[in-house]
1. Looking only at the stretch 169-179, decide whether some residue is within 15 Å of the ligand (Cβ to nearest atom), open to solvent by less than 20 Å² (accessible area, probe 1.4 Å) and either among the aliphatic types (A, V, I, L, M) or within 22 Å of I204 (Cα to Cα) (or both).
2. Yes or no: E222 open to solvent by less than 10 Å² (accessible area, probe 1.4 Å) and on the phi < 0 side of the Ramachandran plot?
3. Could we say that I87 is over 27 Å from E289 (Cα atoms), among the β-branched types (V, I, T) and touching a residue at least 40 places away in the same chain (Cβ under 8 Å) here?
4. Taking the stretch 87-105 only, how many residues are over 26 Å from D309 (Cα atoms) and open to solvent by 10 Å² or more (accessible area, probe 1.4 Å)?
5. Given the options Q35, Q73, name the one that is more than 25 Å from I109 (Cβ to Cβ) and at pLDDT 95 or above.
6. If we keep just the residues of the stretch 107-124 that are crowded, with 22+ Cβ neighbours inside 10 Å and in a helix (DSSP H, G or I), which is nearest to the ligand (Cβ to nearest atom)?
7. So, of the residues in the stretch 195-207 that are under 23 Å from T285 (Cβ atoms) and assigned to a helix (DSSP H, G or I), which turns out to be nearest to the ligand (Cβ to nearest atom)?
8. Can you give me the number of residues within the stretch 44-69 that are surrounded by 20 or more Cβ atoms within 10 Å (Cβ to Cβ) and of a type in the set (D, E, K, R)?
Amino acid sequence: MDSRTRKFGLTRRHVLAGSSAMLMMPAIVGRGFAQDKKVIRISTPANDAEWQAKGLAKFKEMVEANSPTLEVQIHLNATLFDQGTEIPAMQRGNLEVGMISPQDVASYIPEYSIFTAGYLLRDADHMHKVYESSDVAAEYRQRVKDELDVVILGSQYLGTRHVILRELKDVKTPADLAGIKLRVPGSDTWQFLGRALGANPTPIAFDEVYLALSTGTVDGLENPIADMIAAKFDEVSKQLVLTGHMVAPLFFAMSSSFWDGLTDEEKKVVADAVAAQAKLVDEGTLATEADGVALLESHGITVTKPDVDAFRTHVQQEYLNSDYAKEWPAGLLDRINAL
Ligand code: KDO
């Protein structure tokens, strides 16, 4: 049995166990009991030290305080669904919310690989324009809803991604990463990013990275500073190379059919809570990034500055010359750059 089946099997068993318990206790099952509530199951690979987890706790608190009909269940560490499998899980009705990335979307809408390109977004503000408050954002969300049956209710700042190495290395340009086994998440666009950075990409799920680093299965990874700290990757690595190759968002995405089944009142409670948790995550992540380098240095990490222009030029050329770029919607790159 693979881990995905195991996780799904577990969920099914819980449902079955829950329904037989209900049969045995008909007298106490009445209005207002948890069984009557609409349950929002959230799946994410994030661990409990991440801002994402704190944001989700806030979401749960607000939703349950403001709606008598909604219940929120948070599943961290990919314990409910493996990283990258959240979209089909929502489509099949096995999951209400997945914390997903543009790379997950691009696995189903190839033209949207444009949103996975390195050095695409300038900073968190630019990211918010692209995914929250522009015609590009509206178009993106509409297409995701129409084609994937998933509603993006909000976007938040996961952080700016840099290269993290297990052993010290003088890294100035992509050529210096030649031969480095760089862990990336499991989909094609992530592999491409690893190659564009000059490394040998190795797909490994987020929850297995610490072990892979500690055993030397990989030589490094690329991740945001806040996640490096939260996941304690600094315990099993020596260097942070400030490539800043990707300003990464995370989407709070809900199954369309579940969203459509909510009352207007419930939708408002959910939307307000999504906005509040996104604000918490944005502010927290930016604050961690502001003093993250000093903190990591105090933990013994060597923080180095590469030739970022050399990385940017190389990575952007790799994308523009790729098969991915042939599918990018005409004019979209200019529209994103102009925001
Ligand atoms: C990761 O696996 O490196 C990654 O940063 C990829 C993101 O898209 C996102 O899935 C994230 O992990 C998780 O949410 C954990 O923070």
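1. Scanning the stretch 169-179 turns up no residue that is within 15 Å of the ligand (Cβ to nearest atom), open to solvent by less than 20 Å² (accessible area, probe 1.4 Å) and either among the aliphatic types (A, V, I, L, M) or within 22 Å of I204 (Cα to Cα) (or both).
2. yes
3. Criteria met by I87.
4. Going through the stretch 87-105, the residues over 26 Å from D309 (Cα atoms) turn out to be 87-100, 104-105.
From the residues that got through so far, the ones that are open to solvent by 10 Å² or more (accessible area, probe 1.4 Å) too are 88, 91-94, 96, 104.
Here the count works out to 7.
5. Testing whether each residue is more than 25 Å from I109 (Cβ to Cβ) and at pLDDT 95 or above leaves just Q73.
6. The residue in question is T116.
7. F206
8. Result for the stretch 44-69: 1.
The values are calculated or read from the model by the stated rules, or taken from the named source; none is laboratory data. All of these numbers come straight from a predicted model, not from anything done at the bench. With ideal geometry, Cβ positions are generated from the backbone for all residues, glycine too; neighbour counts draw on all protein chains shown. In case anyone asks, the SASA skips ligands and DNA or RNA and just uses the protein heavy atoms, side chains included. Shrake-Rupley method; radii C 1.70, N 1.55, O 1.52, S 1.80 Å.
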